[in-house]
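The values are calculated or read from the model by the stated rules, or taken from the named source; none is laboratory data. Keep in mind that what you see is a predicted model, and the values were worked out from it rather than measured. We place every Cβ from the backbone using ideal geometry, glycine too, and count neighbours over all the protein chains shown.
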């Protein structure tokens, strides 16, 4: 009966060991996800820098166009009006793009915040798993000692009979 109990405990230790290995694999997957998020963030930063360069170029082009309009004002008010109308349209598009970018950035920040919270929770689970693993090692060693002791007692009893 005691041996069955020991076998039952050993089976549970194997199940716990399996669960711990699954937790480790999930941790590795989360690390991969983290690196993917970092890569995504770096790409977003690069895109933002490229957009900033394009925005500056657009502003520069806008300034050059305005200068050209002033220089050629005598050519015709109608032509200047059409050019100004086109500039207004581009400015509205730029504003709409900037608004969309701000919204998307806010969503990314929320996603990153959620991911950060998940990583913190994962750290808590990992610490818990390490604690359980340590406890299971102590139990395993105790059971091994108990098993060896019971075998020695049985051997001693058989020798004395």
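Looking at (1) surrounded by 11 or more Cβ atoms within 10 Å (Cβ to Cβ); (2) at pLDDT below 90; (3) over 21 Å from residue 36 (Cβ atoms), can you tell me which one residue 137 breaks?
Of (1) surrounded by 11 or more Cβ atoms within 10 Å (Cβ to Cβ); (2) at pLDDT below 90; (3) over 21 Å from residue 36 (Cβ atoms), only one is false for residue 137: (2).
I'd like to know if the stretch 19-36 contains one or more residues that are over 10 Å from the mean Cα position of the chain (by Cα), in contact (Cβ under 8 Å) with a residue 60 or more places away in the chain, surrounded by 10 or more Cβ atoms within 10 Å (Cβ to Cβ) and farther than 21 Å from residue 121 by Cβ.
No, that holds for no residue.
Residues are listed down the side, and each one gets a yes or a no for (1) under 24 Å from residue 129 (Cα atoms); (2) at pLDDT 90 or above:
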| site | (1), (2) |
| --- | --- |
| 2 | no, no |
| 21 | yes, no |
| 50 | no, yes |
| 57 | no, yes |
